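The next block holds one structure in the form of structure tokens; read it before the comments.
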Amino acid sequence: MRRLSARRLADRRLTDRRPGWLSALKDALDRPLTTYYLLLGATALLLVIGLIMVLSASSVRAYSQTGDSYTIVRRQLMWVVIGVPCAFIASRVSVRWVRGLAYPAFSVSLVLLVVTAFAGREVNGNTNWLVLGPIQVQPSEIAKLSLIIWASHIYANKERRLGSLHQMLVPVVPGMVLATTLVVVGRDLGTALIFFALLIAMLWVVGAPGKLFALAMLGVSVLALGLAATDSERLARIYNFADPFKDYHGTGWQPAHGLYAMASGGVFGEGIGASQQKWGQLPEAHTDFIFAVLGEELGLVGTLLVIGLFLVLAYAAIRVARETKQPFVRYCTFGIVVWLLGQMMINVGMVLALLPVIGIPLPLVSYGGSSLLPTLAALGLVIGFARREPAAARALAQRRRARSAGLSA
């Protein structure tokens with residue numbers, strides 16, 4: 001008891017020595033609803049920034065194609081109006097109900113990927129779009145969330161048997177490899193890399209041995225280089241991504257103009273709507289290269305704000321995964337973090353010419369309903385996990401009781 005009292009006294013003295021703002025920050029982070037509000041706030045801010053940037057980056061293209069500068073942003077707003085209720089529903093459904101969707105969602109995703117691989121619509125060299133009546137969707141975006149839920153459900157059921165390598169690998173690895181193969185058949189190498197990252201993340205979180213990761217990285221590197229070598233355009237992108245000005249009028253055109261946009265933004269940017277590159281020089285300005293327009297208009301401050309918001313999402317989600325006692329919640333949350341953070345890093349790397357251009361959108365910011373709806377549903381699940389933490393649930397219950405008492409009074 002004396003040792004424990006001495007330790008508490010030492011901790012209290014250490015806390016007293018901290019600067020006031022640091023102590024206030026620690027107190028704020030220790031509150032039961034902090035994780036919930038961090039997830040909610042960062043998601044909302046990224047959505048708002050995304051709408052503003054889609055409006056700015058797409059206005060020239062929309063006007064040239066339809067005579068209305070707001071055509072594309074209206075569609076994005078429609079997807080937001082659909083996606084926010086989906087996120088709300090996902091945050092309220094029970095974990096048991098979500099796990100019940102694991103095999104149906106996985107099966108539907110595989111069927112859609114098969115249909116897309118052999119009968120999909122080709123866009124920019126990739127057969128990754130499926131036309132369903134008046135709309136076209138990208139099934140690989142839906143499959144990302146389905147694969148995470150499916151793998152998390154299986155690993156949660158096998159929680160006590162994960163000491164065996166066979167239990168770790170079967171059936172998750174064959175299932176995810178099958179999905180990745182179908183994406184590769186459609187020549188969508190960027191999404192295939194995201195699928196592979198999800199597989200590595202799930203294996204890492206369940207404690208797979210290090211040798212397995214080394215073999216997997218070696219195999220995927222050889223496969224990726226082989227696939228790139230069989231496509232002249234991909235091979236040219238790999239050769240020129242570090243210096244896109246080598247082939248300025250060819251494969252280097254898009255990354256070079258992305259760098260022009262980032263360089264001209266400076267610290268505080270040119271101002272919202274003042275981008276020069278969106279006037280036809282920068283392809284896919286409102287989708288894959290929206291981060292370049294953001295850098296040009298909002299500068300270094302704006303780009304760091306967006307990256308910081310993604311890091312806040314990751315921090316809050318890791319808190320959820322660390323604090324939960326439910327294996328499914330831990331695995332699912334970690335998979336969603338790797339998906340969103342990995343996709344953000346690849347997109348930013350493309351714009352900064354640190355990675356080849358492989359057509360990966362910036363989550364919550366780039367235009368597109370196929371990407372936005374699954375992303376919002378995934379974040380809704382994580383927000384739901386956060387609000388069901390015991391301390392957070394008690395705090396929310398007390399708040400509801402206090403509100404009811406106030407209304408009664």
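Please treat every number below as a calculation from the coordinates, not as lab data. A quick note: this is a predicted structure, and the numbers were derived from the prediction, not measured. Backbone-built Cβ (ideal geometry, glycine too); neighbour counts: all protein chains shown.
Below is a table of values for the structure above.
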{"read-out": "Packing-based ranking, highest mean first, of 210-220, 164-174, 348-358, 26-36 given that Cβ atoms within 10 Å are counted", "value": "348-358, 26-36, 164-174, 210-220"}
{"read-out": "Charge tally in the Cβ shell below 10 Å around SER91, where Lys, Arg are +1 and Asp, Glu are -1, SER91 excluded", "value": "+3"}
{"read-out": "Semi-axis lengths (Å, descending) of the ellipsoid that matches the C-alpha gyration tensor of the range 257-388", "value": "31, 14, 12"}
{"read-out": "Unit charges at the beta carbon, dipole of the chain: most positive-side option, GLN167, VAL54, VAL222", "value": "GLN167"}
{"read-out": "Net charge, ARG322 excluded, C-beta distance under 13 Å - Lys, Arg +1, Asp, Glu -1", "value": "+1"}
{"read-out": "Cα-centre dipole for the range 270-357 with unit charges at Cβ (Lys and Arg positive, Asp and Glu negative), debye to 20", "value": "580 debye"}
{"read-out": "Projected-area mean, the chain, by convex hull of Cα positions, square nanometres", "value": "26.0 nm²"}
{"read-out": "Shape category assigned to the range 268-308 from the gyration tensor of Cα positions, a/c cut at 1.5", "value": "oblate"}
{"read-out": "Net charge over other residues, Cβ less than 9 angstrom from the Cβ of SER264 (K, R count +1; D, E count -1)", "value": "-2"}
{"read-out": "Kyte-Doolittle mean at least -1.0, axial Cα span of 15 Å or more - DSSP H helices of the chain", "value": "34-66, 71-92, 102-119, 139-157, 172-185, 189-205, 210-229, 253-265, 290-323, 327-351, 369-387, 390-408"}
{"read-out": "Scattering curve values for the range 84-157, log₁₀ I(q)/I(0), Debye with Cα scatterers, q = 0.18, 0.23 Å⁻¹", "value": "-0.79, -1.02"}
{"read-out": "GNM flexibility winner over the chain from GLU159, GLU141, GLU284 (Cα, springs under 10 Å)", "value": "GLU159"}
{"read-out": "Residue-averaged 222 nm ellipticity for the chain, from DSSP H runs of 4+ at -39500 (n - 2.57), nearest 500", "value": "-24500 deg cm²/dmol"}
{"read-out": "Pairwise label distance in nanometres, ASP27 with LEU235, each label 7 Å out on the Cα-Cβ vector", "value": "6.4 nm"}
{"read-out": "Cα-based shape type of the range 195-275, given that a ≥ b ≥ c are square roots of the gyration tensor eigenvalues and the cut on a/c is 1.5", "value": "oblate"}
{"read-out": "P(r) histogram, all alpha-carbon pairs of the range 127-208 included - 10 Å bins from 0, percent", "value": "17, 46, 25, 10, 2"}
{"read-out": "Simple spin-label estimate for TYR63 and VAL131 in nanometres, 7 Å along Cα-Cβ", "value": "3.1 nm"}
{"read-out": "Unit charges on C-beta of K, R, D, E only; dipole of the chain, Debye", "value": "2680 debye"}
{"read-out": "Chymotrypsin sites (Phe, Trp or Tyr not before Pro) within the range 268-360, DSSP loop, no more than 16 other Cβ atoms inside 10 Å", "value": "PHE268, TRP279"}
